[in-house]
Amino acid sequence: MKKTLSLLLVLAMVLTSFTAVFAADETEKTPGEILQEIGVLKGNAEGDLMLKKEVSRQDMIVLLSRLLGQEDEAKAFTGETTFKDIEDPYYVPYIAWAQANELTNGVAEGGEAFGFGRSVTQQEVLAFLLRALGYGFDEVEFENVAAKAAELKLIDDAKADLTVASTREVLAELSLKALKTKVKDSDKTLAEKLELTLPEASKLEVKEVAADNLKEVKVVFNKSVDEESAVDLNNYDLEDEDIEDAVYTAEDHTVILTVKDELENKEDYTLTIDGVKDDKTVLDVSKDFTALDNAVPEVVEVVGLGTKAVKVVMSEPINGAKASSFKIDGKTVSGTIQAAGRDIIVKTYSAISVGDHELTVGQLKDYNEFKSVESKHSFTVVEDKDAPEVSDAVATALERVVLTFSEDVDSTTVNTKTVYWKNGSTKVYPEEVKRLAGNKYAFTFEADDALPVYETTLYITGVKDYSGNTMADAEKAVKPSIDDSRPVVRSVDVDDSKTIIVKFSKPVNTDADDKASATNPNNYKITDSDDNKQAISGIKVDDSSNKVMKITLGKALDETEDYTIKISGIKDRNKYANYMVDYTESLGVKGINSPELTGVAIKNSGDDHTIYLYFSKDMDLDTVSNAENYLVEIDGTSNKLLSAIKGSEVEVVTSNGRTVKLTFELEDKDPTGVAGLGLKDTSGNTLKNYGKIVKPVEYKDVKISATAKSKTKIVVEFKTTDETKLALDPEKTKESAFMTDKTQDDVTINENKVTITLAKDLNADPNDNTLTIDPTNVYLYNETKLSDVLKTTNEIKFGKNGSNKIGDEISPSLIGVDDVDAKVNGENVDIVLTFDENLAAVNSATWRSDLIVEAVNATDDPDNSKLELAAVGTDAKQLILSVPISQIDAEETAFLIGVKENARFITDASTNLNLADETDPLLRTNVVKIEETREEKAEAAVKALEDAAKEDLKLEAKLVAAEKAVTDAKDAVAKISDADLKTKLTARITTAEKIVTDARAAFNKKADEDAVVAEAAKYNDTEVPNTVEIGDEITLITGEPNKDVKVSLEVIDGNDYLQVVDGKLILKRVAKGTDFIGKVKVSFEKGEAKDSKDITVTIKAQQ
């Protein structure tokens, strides 16, 4: 049954430094309201909780009895108290009970003053709450209360001023935290022990994201979350920072994220949390925060780890701690340092004696270069003879196992051989191990070595603690969680005009041979506003996490264009891979380059002067309209700010700020150039040629180009030969100055570009069309006609019948395949593909990967790697596609053929090498009779076999050819469907095959006989010199033995002198005085061929 503690009539939320720590944590109500709701805190008759009222020490004792669930016992307590200052008899039994149970010893030595009527301080509140949690006077002395409270996370800062009086508001907050904290030596919180149910928020939210040091980001949720999702690194994205660890504390719903590299102090960051969940909600939220480290690191705790190590817990991670920074009992440590997060393990080379010691911690530096103050700390070394144990094993994924040990273990004994699982009798080890805490390690398996989906036994071995105690080999059963989260594109950033950075939510496949790899350009499509594809020259992994890809483009992006990127088909690295959520987004290309003053046109009229300036980008109107930002060169000898020149004015001619008009007066002098100063583009980039004098354009060097951006758009550009832009006056230039042989929808003039939009499509090769420009109707901004500059009124012609070519950015398209003439040609089906323009030189090895080829009636489509492409004579618009018949398991079939969406290799013959467009829908061929060809091939193969069987098969080359003919005939007949024909042909094969088989048997028999004869010829009578000793081998053969011929030896005469051991002839006895002559029979065998011969062995006598 639920107990309701009337408890905190005293309660109150305290401290400004502790404000509302649980307010958002539980249902967005204040701690006082929460405690009131569960019957712990009550207000006055009007319902006022009196949160600003201070709490007396006697009321704190009543509260403590309630927190311990012993109010009835305290209220009825009859024992005496030594305190003399208790003024209200109501409190006597409570205070006497508390003194008897060593929960209070008063406020003065001698035990006579309790401090009745005095307000309780925040430190005293914490001391009483620690008693409620089971920490007595003997464990936590009063001066250590703050440190212990901070350790239990009742407060955030152990250095805060706790001497101030506690209000009911503060008391409510701290009491609520105590209720959420586990009781000493128990898995239950104080609330659970008292059977209290605390309300939780109905909807999961992120309460806070903060970084008070440069290595950790704290994420606080408003309620409990699923721990697996909370520690899954894939569920967090921190802009350009890699996160290497996540630790979840259930008591305060907090995750501490550790970053691989340090954050920048005072820099703003955005953390995206996507995938952390509770039983109702999956978060997908971004939170901004500022990294702010303004505190020096401090020692929080020092603990002896057996006799060989000391653990130092810091307030934040330390950068590069060294053994020289530590002294034990005044002597500099000789040993090694192991750091993980806030823990530093000082491992000594020699044992530390059992007993009390003092550790001096020198100046340690955090990641903001702040140094700690040298401090001294007592610790106790206890002899440790207990070996560590595995207290917990969790498979957070098929590829990841986290082991928790019963104590801190020596990290040098934990490696990739520490844990394994068995696949049959094979031990499967992890690829990587990572220390998460002193007693916690994560092991990562490669995808191919991932755990099975069912419950699996882990074997753990070889782990030691810091006293050298070795853990007994352990077994732990785990059932992995299967990661079914799909990769998501977190961000796409244009790094520069040719580089794009793509960041995924989790590690993705990067296998170069896998179609679903993030390094496969086919999984990316970048198009401009005319749907022209941008060529990708390469993609590589840009970080060790396999989450960031770097795309390099073949051509720079144009800031004036709008681009779209599509990403799909990429999978993660899991054993059971998840495919990504398709991504489509606009690319932010504006602002990737600095602006430039690209052109100057000067018009002088007496003392009045006009200068037109042309910029490469959209400009910030405030900066370009400011006369202080222009420096005018005068007569090529001096410079002067425009603002200092008489009558100076600035007029922004175009709304985008790309064209600016300067007017001013100069007596008897002329301007010769202009430099830009504090000018910026709309993205805030400063001028590329800042302060550089730009001279007027030399019009005699005009260059005009025309480019077909798509089948409905032509862009004409006006520049000088040194690439300086020539801006046109859109008010005076007539649209009719630009004419094509297609109906025009619109003509727009922007700076030096004229865009012609067409109502009818251009041909795929734009130079089959015409474009004419009338220079008499084209005006520059200085009121000069283009015809005056060119010194001709003749039309400028592009394309067909013109002297100028139209640039081609139109992608070629497949417009036809054989729908009548697709046919079998030898071993292949040949199909002619027709494109709408000339193609570049064909490269079959790469181009075939751009095609989709589907055999309509076949079980499987042909493998692209087996296809072949070739040019068709001199017609550069056509290709012959050859599909091997062996790839088609159908009697007859039509084919559907087209170019893939993300073609990478098939290009036109233009200088731009435009990639081919996707074919949608696919084009269909006529039906090709595959079976008839197979039957013809089978007939021919059997006939070839029969002819081969008639050759002289005593010759090895003829015999080998006949055997191949048997295999070919069988393969060809196996592919036909006509059962009667198959039976007839098989019978003919059987007859011919017998001839070949018999010939092979005869050939082999003759070969065996020849081998035996040849081997026997190598053995001859042998003389054994008198220098040979007993036990030595006697060699009978001359030359190298044929290992295919079996040779055996038998002593016929001379068994006293010779013996055969393991197939070798061995000297058994030496000859004395006279030579000994023996005989040995040598037998030869290979297959059915056998022979033997007797060998005389003469053993020369020893003198």
Only residues that are under 14 Å from Asp329 (Cα atoms) and either under 40 Å from the mean Cα position of the chain (by Cα) or surrounded by 14 or more Cβ atoms within 10 Å (Cβ to Cβ) (or both): list them for region 347-374, please.
Thr348, Ile352, Val354, His357, Leu359, Thr360, Val361, Gly362
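I want to confirm something. Restricting to region 614-636 and keeping residues that are at pLDDT 90 or above and under 16 Å from Asn656 (Cα atoms), which single residue is surrounded by the most Cβ atoms within 10 Å (Cβ to Cβ)?
Step by step, filter region 614-636, then rank; the result is Met619.
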Within region 115-164, the count of residues that are part of a loop (DSSP other than H, G, I, E, B) and more than 26 Å from Leu194 (Cβ to Cβ) comes to 12
Qualifying positions in region 188-203 - under 39 Å from the mean Cα position of the chain (by Cα) and among the charged types (D, E, K, R)
Glu200, Lys203
Please go through region 938-967 and give me each residue that is crowded, with 21+ Cβ neighbours inside 10 Å and under 30 Å from Val817 (Cβ atoms), ordered by number.
Ala938
Of the residues in region 428-448, those that are farther than 21 Å from Ile243 by Cα and free of Cβ contacts under 8 Å to residues at least 24 places away in the same chain come to Val428, Tyr429
For region 590-705, give me every one of the strands (runs of 3 or more DSSP E) that falls completely inside it and has 1 or more residues that are under 30 Å from Val494 (Cβ atoms) and within 53 Å of the chain's Cα centre (by Cα).
597-605, 608-615, 649-652, 659-665, 671-676
Scan region 729-768 residue by residue and report those that are more than 23 Å from Glu561 (Cβ to Cβ), hydrophobic (A, V, I, L, M, F, W, C) and either in a loop (DSSP other than H, G, I, E, B) or assigned by TED's automatic domain parsing to the domain that holds Asn838 (or both).
none
Please report, ordered by residue number, the strands (runs of 3 or more DSSP E) entirely within region 321-419 with at least 1 residues that are closer than 25 Å to Thr444 by Cα.
335-340, 343-348, 390-397, 400-405
Determine which single condition Ser886 fails, assuming it passes every other condition in (1) in a strand (DSSP E or B); (2) touching a Lys or Arg at 6+ places or on another chain (Cβ under 9 Å).
(1)
State yes or no: is Glu28 surrounded by fewer than 20 Cβ atoms within 10 Å (Cβ to Cβ), at pLDDT below 85 and acidic (Asp, Glu)?
yes
Elements of type strands (runs of 3 or more DSSP E) in region 216-282, at least 3 residues being under 25 Å from Leu152 (Cα atoms):
216-221, 243-249, 254-259
For region 186-206, enumerate the residues that are at pLDDT below 85 and in a loop (DSSP other than H, G, I, E, B).
Ser186, Asp187, Lys188, Leu194, Glu195, Leu196, Thr197, Leu198, Pro199, Glu200, Ala201, Ser202
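Give region 103-114 a look and list any residue that's within 60 Å of the chain's Cα centre (by Cα) and either assigned to a strand (DSSP E or B) or in contact (Cβ under 8 Å) with a residue 40 or more places away in the chain (or both), or say none. So that I can check it myself, show each step before the final result.
Pass one, region 103-114, residues within 60 Å of the chain's Cα centre (by Cα): 103-105.
Listed by number, the residues that qualify are Leu103, Thr104.
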Looking at (1) under 19 Å from Glu868 (Cα atoms); (2) in contact with a helix residue (DSSP H, G or I) (Cβ under 6 Å, 6 or more places away or on another chain); (3) crowded, with 18+ Cβ neighbours inside 10 Å; (4) not polar (S, T, N, Q), which is the one condition that is false for Val928?
(2)
What is the residue count in region 894-913 for residues that are touching a Lys or Arg at 6+ places or on another chain (Cβ under 8 Å) and either surrounded by fewer than 21 Cβ atoms within 10 Å (Cβ to Cβ) or not in a strand (DSSP E or B) (or both)?
5
Of the residues that make up region 650-661, is at least one β-branched (Val, Ile, Thr) and more than 26 Å from Thr682 (Cα to Cα)?
no
Tell me, please, whether a residue that is touching a helix residue (DSSP H, G or I) at 6+ places or on another chain (Cβ under 6 Å), under 30 Å from Ala295 (Cβ atoms), surrounded by 15 or more Cβ atoms within 10 Å (Cβ to Cβ) and at pLDDT below 90 can be found in region 88-101.
no
Any pair with Cβ under 6 angstrom, 6 or more apart, that starts in region 529-550 at a residue that is touching a residue at least 60 places away in the same chain (Cβ under 8 Å) and surrounded by fewer than 18 Cβ atoms within 10 Å (Cβ to Cβ) and ends at one that is of a type in the set (Gly, Ala, Ser) and part of a strand (DSSP E or B):
Asp530/Ser710
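Under the condition of being part of a strand (DSSP E or B) and farther than 14 Å from Ala706 by Cβ, which residue from region 769-799 is modelled with the lowest pLDDT?
Ranking the qualifying residues of region 769-799, first place goes to Leu780.
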Conditions (1) at negative phi; (2) in the same structural domain as Glu735 (by TED's automatic domain parsing): number failed by Ala822:
(2)
Filter region 822-869 for residues that are exposed (fewer than 13 other Cβ atoms within 10 Å of the Cβ) and among the hydrophobic types (A, V, I, L, M, F, W, C); which is farthest from Thr907 (Cα to Cα)?
Ala845
Check region 264-274 and report whether any residue there is buried (at least 18 other Cβ atoms within 10 Å of the Cβ), aromatic (Phe, Trp, Tyr) and either modelled with pLDDT of 90 or more or within 20 Å of the chain's Cα centre (by Cα) (or both).
yes
Out of Gly647, Gly657, Gly636, Gly684, report the one residue that is under 26 Å from Tyr563 (Cα atoms) and free of Cβ contacts under 8 Å to residues at least 60 places away in the same chain.
Gly657
If you go through region 973-987 one residue at a time, do you hit one that is under 30 Å from Tyr524 (Cβ atoms), touching an Asp or Glu at 6+ places or on another chain (Cβ under 8 Å), assigned to a loop (DSSP other than H, G, I, E, B) and free of Cβ contacts under 8 Å to residues at least 60 places away in the same chain?
no
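The values are calculated or read from the model by the stated rules, or taken from the named source; none is laboratory data. It should be emphasised that the depicted structure is a prediction, and the values quoted were computed from it without experimental measurement. Quick reminder, even Gly has a Cβ in these numbers, built from the backbone with ideal geometry, and neighbours come from all protein chains shown.
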